[in-house]
Amino acid sequence: MKLKPVDKISGIAPNDFIRDYLKKGQPVIIKDFISPKSACWDKWSYDYFKEIAGSEVISVYGKEEESQDRAASAPIGKMTFGEYLDLIQREPTELRLFLFDLLKLRPELKKDVIYNDVTGGKVLQWLPYMFFGGEGSATRNHFDIDMSHVFISQFQGVKKIWVFPNSQSDLMYKLPYNFHGIANLKTSSVDEYPALKFLDGYEAEIHPGETLYMPAGWWHYIQYATEGYSISVRALPSSFSEKLKGARNLFITRYFDDTMRKIFKGRWFDYKIQMAKARANRAIKKYK
């Protein structure tokens with residue numbers, strides 16, 4: 001597996017960003033996507049979050065390897081938001097908050113974030129999601145079901161993110177009718193998953209104030225180098241084919257997979273694993 005560092009930029013005009021990154025599908029770290037004038041930088045803290053929403057009961061997510069047979073991982077438990085924040089501050093943990101809606105629970109927080117929309121108005125600022133994780137936690141390798149462009153901004157702690165173009169899906173051992181691969185990019189053996197040797201992507205390390213732009217359909221493996229949290233906003237896919245694929249994923253593919261899993265149970269998952277490995281083996285021949 002080859003990983004190149006992601007370039008960092010700041011002060012870029014929308015026309016230049018669209019030409020050099022959005023249209024080319026080129027990942028980049030933007031140092032000023034969240035304006036330094038935003039109130040969040042002085043106002044937000046774990047103590048502040050506990051004060052305004054600490055009693056909210058939230059669902060927590062663990063190792064995603066345990067949900068490989070389905071498109072979306074199921075939560076493994078519940079606790080209060082305050083208890084979770086205390087946990088990640090106290091010790092490393094694999095527990096994460098996924099697509100957390102703190103900004104919906106406390107909509108006044110949206111006013112604390114000022115976006116420097118380098119897309120010229122394409123970013124869906126009204127649809128932000130927060131992601132929290134403990135030190136050492138990670139997501140499975142996946143691409144987003146709706147095929148949107150993603151801007152993930154770090155507010156606390158450090159994240160390391162490996163990204164790969166969608167064209168390398170077969171090398172990822174992508175499961176048919178799903179949006180993730182069965183191989184763990186960090187721990188899986190290349191003896192068991194030899195196609196991983198041919199992956200060619202990027203490594204981004206984002207710190208508070210930095211935003212990683214991930215082009216539509218790109219794979220990403222997110223690792224929490226420290227505890228922390230981020231906000232993700234999206235922009236709709238650029239091309240008609242990406243929009244069509246995203247709509248098909250949302251309204252057809254995932255429901256078809258759920259139905260087949262309910263009917264055939266483990267046999268359906270076994271079939272998908274066989275197909276993922278067969279496609280990876282065919283992909284290997286193209287690189288040799």
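In table form, for the structure just shown:
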{"item": "For LYS285: the one exception among (1) at pLDDT below 95; (2) surrounded by 14 or more Cβ atoms within 10 Å (Cβ to Cβ)", "result": "(2)"}
{"item": "Pair list, Cβ < 7 Å and 6+ apart or interchain, from the range 22-34 residues that are surrounded by fewer than 21 Cβ atoms within 10 Å (Cβ to Cβ) to residues that are modelled with pLDDT under 95", "result": "LYS23/SER238"}
{"item": "Contacts under 9 angstrom Cβ, first residue in the range 119-130 being farther than 18 Å from PHE17 by Cα, partner assigned to a loop (DSSP other than H, G, I, E, B), 6 or more apart", "result": "PRO128/VAL113; TYR129/ASP101; MET130/ASP101"}
{"item": "Every pair of residues 6+ apart whose Cβ atoms lie under 8 Å, when the first sits in the range 88-107 and is touching a residue at least 24 places away in the same chain (Cβ under 8 Å) and within 13 Å of TYR129 (Cα to Cα) while the second is among the aliphatic types (A, V, I, L, M) and not in a strand (DSSP E or B)", "result": "LEU102/ALA53; LEU102/LEU109; LEU103/LEU109; LEU105/ALA53; ARG106/ILE52; ARG106/ALA53"}
{"item": "Out of THR119, THR93, sole residue that is modelled with pLDDT of 95 or more and either over 18 Å from PRO215 (Cα atoms) or more than 22 Å from the chain's Cα centre (by Cα) (or both)", "result": "THR93"}
{"item": "Test: residue in the range 190-211 that is in contact with a Leu (Cβ under 7 Å, 6 or more places away or on another chain) and surrounded by fewer than 14 Cβ atoms within 10 Å (Cβ to Cβ)", "result": "yes"}
{"item": "Residues located in the range 32-67, provided they are assigned to a loop (DSSP other than H, G, I, E, B) and among the charged types (D, E, K, R)", "result": "ASP32, LYS37, GLU56, LYS63"}
{"item": "Qualifying residue in the range 231-242 (condition: basic (Lys, Arg), touching a strand residue (DSSP E or B) at 6+ places or on another chain (Cβ under 9 Å) and part of a loop (DSSP other than H, G, I, E, B))", "result": "no"}
{"item": "Test: residue in the range 17-30 that is among the β-branched types (Val, Ile, Thr), part of a loop (DSSP other than H, G, I, E, B), closer than 30 Å to ALA195 by Cα and modelled with pLDDT of 95 or more", "result": "no"}
{"item": "Count of the range 162-195 residues which are among the basic types (Lys, Arg), touching a residue at least 60 places away in the same chain (Cβ under 8 Å) and over 17 Å from ARG70 (Cα atoms)", "result": "0"}
{"item": "Residues satisfying the stated conditions in the range 35-58, i.e. closer than 22 Å to ASP101 by Cβ and loosely packed, with under 14 Cβ neighbours inside 10 Å", "result": "ALA39, LYS43, SER45, ASP47, TYR48, GLU51, SER55, VAL57"}
{"item": "Listing of strands (runs of 3 or more DSSP E) fully contained in the range 68-164 that carry 1 or more residues being over 14 Å from TYR229 (Cβ atoms) and not hydrophobic (A, V, I, L, M, F, W, C)", "result": "77-80, 149-156, 159-164"}
{"item": "Candidates ILE34, ILE52, ILE58, ILE30 - the one that is in contact with a Gly (Cβ under 8 Å, 6 or more places away or on another chain) and aliphatic (A, V, I, L, M)", "result": "ILE34"}
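Residues checked against (1) of a type in the set (A, V, I, L, M); (2) out of contact with any Asp or Glu (no Cβ under 9 Å at 6 or more places or on another chain):
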{"position": "THR80", "(1), (2)": "no, no"}
{"position": "LEU85", "(1), (2)": "yes, no"}
{"position": "LEU105", "(1), (2)": "yes, no"}
{"position": "LYS111", "(1), (2)": "no, yes"}
{"position": "VAL118", "(1), (2)": "yes, no"}
{"position": "LYS122", "(1), (2)": "no, yes"}
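The values are calculated or read from the model by the stated rules, or taken from the named source; none is laboratory data. Keep in mind that what you see is a predicted model, and the values were worked out from it rather than measured. Backbone-built Cβ (ideal geometry, glycine too); neighbour counts: all protein chains shown.
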